[in-house]
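What follows is a structure written as structure tokens; I'll ask about it next.
The values are calculated or read from the model by the stated rules, or taken from the named source; none is laboratory data. The structure presented is a predicted model; accordingly, all values stated were derived computationally and were not measured. Using ideal geometry, Cβ is built from the backbone for each residue, glycine included, and neighbour counts are taken over all protein chains shown. When the accessible area is computed, the model is the full protein with side chains, heavy atoms only, and any ligands, DNA or RNA have been set aside. Shrake-Rupley method; radii C 1.70, N 1.55, O 1.52, S 1.80 Å.
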Amino acid sequence: MNVLVVGAGSVGQVFARHYQRGGAAVTFFVREKYKTEVERGFDLYPLNERRARRGEAVRFYGFEVVTRPDEVAARRFDQVMFTVASPALRGPWLPELVAAAGDATIVALQPGLDDRGRYLEAGAAEERLVQGLISLISYHAPLPGETRFATPGMAYWFPPLAPSPFSGPAGRRDAVIAALRKGGLPAKKHRDVPRTAGFPTAVMMPYLVALELGGWTVKGAARADKLALGGRGAREAIEVVRALLGRPPFGTGLLARPAILRAGVFLARPLIPLPLEVYLQEHFTKVGDQTRELLDGYIAKGKAAGLPTAALEQLAAELATARTS
Ligand SMILES: NC(=O)c1ccc[n+]([C@@H]2O[C@H](COP(=O)([O-])OP(=O)(O)OC[C@H]3O[C@@H](n4cnc5c(N)ncnc54)[C@H](OP(=O)(O)O)[C@@H]3O)[C@@H](O)[C@H]2O)c1
């Protein structure tokens, strides 16, 4: 099994390591500027293991690194997994890489409503497109205030009972799941990831903006009255996604209630082996463009469908002010 992992950031390193542990030969596709650094290999902290929680890193190496589509075309891959953020899918590189990948299964992990369309437009036909949702948490350690890691590395954690779901043509989907599970990455079959993923993403994005506006703590967001605004935004975004994808999964509406979200964060905090709000701040600052793009997408689609978007628009306006001040 030959796998190309596109992007060697937080998510790419984790999926690549588990593909390799399952016996796959891994190649990274990275920007030229990262080649030398990636070739040196990585220190990882798999936080589901006690020794990593104590600060002991595992080395991840023994992969190839390429930077150009012609290098991809010169090799044969069974699966090509794209681990870049949604905004990175724009531009001519995507169709070039999809074409260079030959008949490989294209594995898409991006959460945006338009992302599947981007792959289809880039030439990844339905019959070879497998879609997944990332349920793991992965970050550059140490986070500010974390003292357990002696050296920097990528820390990651698989939440219990939450395997990453994958959907798509059965044979290709099952091959992706089998390769990842063999390497110890929790993965499961799903009927329709893009449809189901649309709703939690719609709930999450307005709340993330609320959190950013509240200084990246739930308490701060609640105190500044941003959590309530985030909840209204989440309800608007759910209606936008409902208009496009149909009925939301059971319980989606509950998540859009700030009190439920606060209770969830309160209960989850002691169960998660990392400082949750600090991770959210670091990660969603890094992928801030993606949050903005998704928010703008809900507003544009909501307006086009004649749905209310006032809270989403207020969040977008306040975010723009906060980011420029
Ligand atoms: N990390 C998590 O815990 C987590 C959890 C759930 C979901 N996700 C989602 O997973 C996606 C990736 O997140 P991440 O944390 O892995 O981000 P990341 O650490 O920034 O990794 C993405 C990598 O892809 C690279 N990239 C972008 N365009 C590329 C291109 N054309 N060719 C090659 N490489 C390219 C980026 O390079 P540059 O930095 O130079 O652009 C970056 O190194 C996001 O959609 C995120 O929301 C992440």
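Within the range 14-27, does at least one residue satisfy the condition of being within 15 Å of the ligand (Cβ to nearest atom), at pLDDT 95 or above and farther than 24 Å from Pro186 by Cβ?
Checking the range 14-27: not a single residue is within 15 Å of the ligand (Cβ to nearest atom), at pLDDT 95 or above and farther than 24 Å from Pro186 by Cβ.
Here's a follow-up. How do the pairs read when you match residues in the range 266-285 that are farther than 21 Å from Val209 by Cβ with residues anywhere that are within 11 Å of the ligand (Cβ to nearest atom) and not basic (Lys, Arg), using Cβ under 8 Å and keeping only pairs 6 or more apart or on different chains?
Ile272/Ile137; Ile272/Trp157; Ile272/Pro159; Pro273/Trp157; Leu274/Ile137; Leu274/Tyr139; Leu274/Ala155; Leu274/Trp157
Among Arg173, Arg148, which is the only one that is open to solvent by 20 Å² or more (accessible area, probe 1.4 Å) and either within 15 Å of the ligand (Cβ to nearest atom) or modelled with pLDDT of 95 or more (or both)?
Result: Arg173 is the single residue among Arg173, Arg148 that is open to solvent by 20 Å² or more (accessible area, probe 1.4 Å) and either within 15 Å of the ligand (Cβ to nearest atom) or modelled with pLDDT of 95 or more (or both).
Of all residues in the range 205-246, count the ones that are in a loop (DSSP other than H, G, I, E, B) and open to solvent by less than 10 Å² (accessible area, probe 1.4 Å).
0
Name, by its number, the condition in (1) within 16 Å of the ligand (Cβ to nearest atom); (2) more than 21 Å from Arg75 (Cβ to Cβ) that does not hold for Glu56.
If we test Glu56 against (1) within 16 Å of the ligand (Cβ to nearest atom); (2) more than 21 Å from Arg75 (Cβ to Cβ), just (1) comes out false.
Please state which of the following conditions Gly231 fails to meet, knowing it meets all the rest: (1) under 30 Å from His140 (Cβ atoms); (2) in contact with a Pro (Cβ under 8 Å, 6 or more places away or on another chain).
Just one mismatch for Gly231, condition (1).
Test Gln13 against the stated conditions and say whether it is under 20 Å from Glu146 (Cβ atoms) and either touching a strand residue (DSSP E or B) at 6+ places or on another chain (Cβ under 7 Å) or in contact (Cβ under 8 Å) with a residue 60 or more places away in the chain (or both).
So Gln13 fits the description; yes.
Further, regarding this structure: I'd like the residue in the range 76-112 that is in a loop (DSSP other than H, G, I, E, B), within 12 Å of the ligand (Cβ to nearest atom) and not β-branched (Val, Ile, Thr) and, out of all such residues, is nearest to Ala25 (Cα to Cα).
Leu109
Oh, and also: Could you list all residues from the range 89-106 that are among the hydrophobic types (A, V, I, L, M, F, W, C) and surrounded by 19 or more Cβ atoms within 10 Å (Cβ to Cβ)?
Leu89, Leu94, Leu97, Val98, Ala100, Ala101, Ala104, Ile106
Of the conditions (1) in contact with a Leu (Cβ under 9 Å, 6 or more places away or on another chain); (2) more than 12 Å from the ligand (Cβ to nearest atom), Leu4 clears all except one; give me its number.
So the condition that Leu4 fails would be (2).
Let me ask you something else. Could you list, in sequence order, all residues of the range 1-33 that are farther than 21 Å from Val98 by Cβ and in a helix (DSSP H, G or I)?
Listed by number, the residues that qualify are Ser10, Gln13, Val14, Arg17, His18, Gln20, Arg21, Lys33.
So how many residues does the range 151-170 have that are more than 14 Å from the ligand (Cβ to nearest atom) and over 30 Å from Asp103 (Cα atoms)?
Number of matching residues: 3.
Just the residues that are within 13 Å of Gly153 (Cβ to Cβ) and outside any loop (DSSP other than H, G, I, E, B), please, taken from the range 38-50.
If the condition is that a residue be within 13 Å of Gly153 (Cβ to Cβ) and outside any loop (DSSP other than H, G, I, E, B), then Phe42, Asp43, Leu44, Tyr45, Pro46 are the ones that fit.
Can you tell me how many residues within the range 167-221 are out of contact with any helix residue (DSSP H, G or I) (no Cβ under 7 Å at 6 or more places or on another chain) and hydrophobic (A, V, I, L, M, F, W, C)?
Residues meeting the conditions: 8.
Does any residue in the range 231-257 that is more than 16 Å from Gly306 (Cα to Cα) and in the same structural domain as Ala305 (by TED's automatic domain parsing) come within less than 6 Å, Cβ to Cβ, of a residue that is open to solvent by less than 30 Å² (accessible area, probe 1.4 Å) and part of a loop (DSSP other than H, G, I, E, B) six or more places away or on a different chain, and which pairs are these?
Close Cβ pairs satisfying both conditions: Gly231/Ala256; Ala234/Ala256.
OK, next. For the range 276-325, name all the residues that are in contact with a strand residue (DSSP E or B) (Cβ under 9 Å, 6 or more places away or on another chain) and open to solvent by 60 Å² or more (accessible area, probe 1.4 Å).
Listed by number, the residues that qualify are Glu282, Lys286.
Quick one: in the range 123-140, which of the residues that are small (Gly, Ala, Ser) and within 12 Å of the ligand (Cβ to nearest atom) is surrounded by the fewest Cβ atoms within 10 Å (Cβ to Cβ)?
Only one residue fits best here, namely Ser135.
Part of a loop (DSSP other than H, G, I, E, B), free of Cβ contacts under 8 Å to residues at least 24 places away in the same chain and more than 20 Å from the chain's Cα centre (by Cα): does that describe Thr147?
yes
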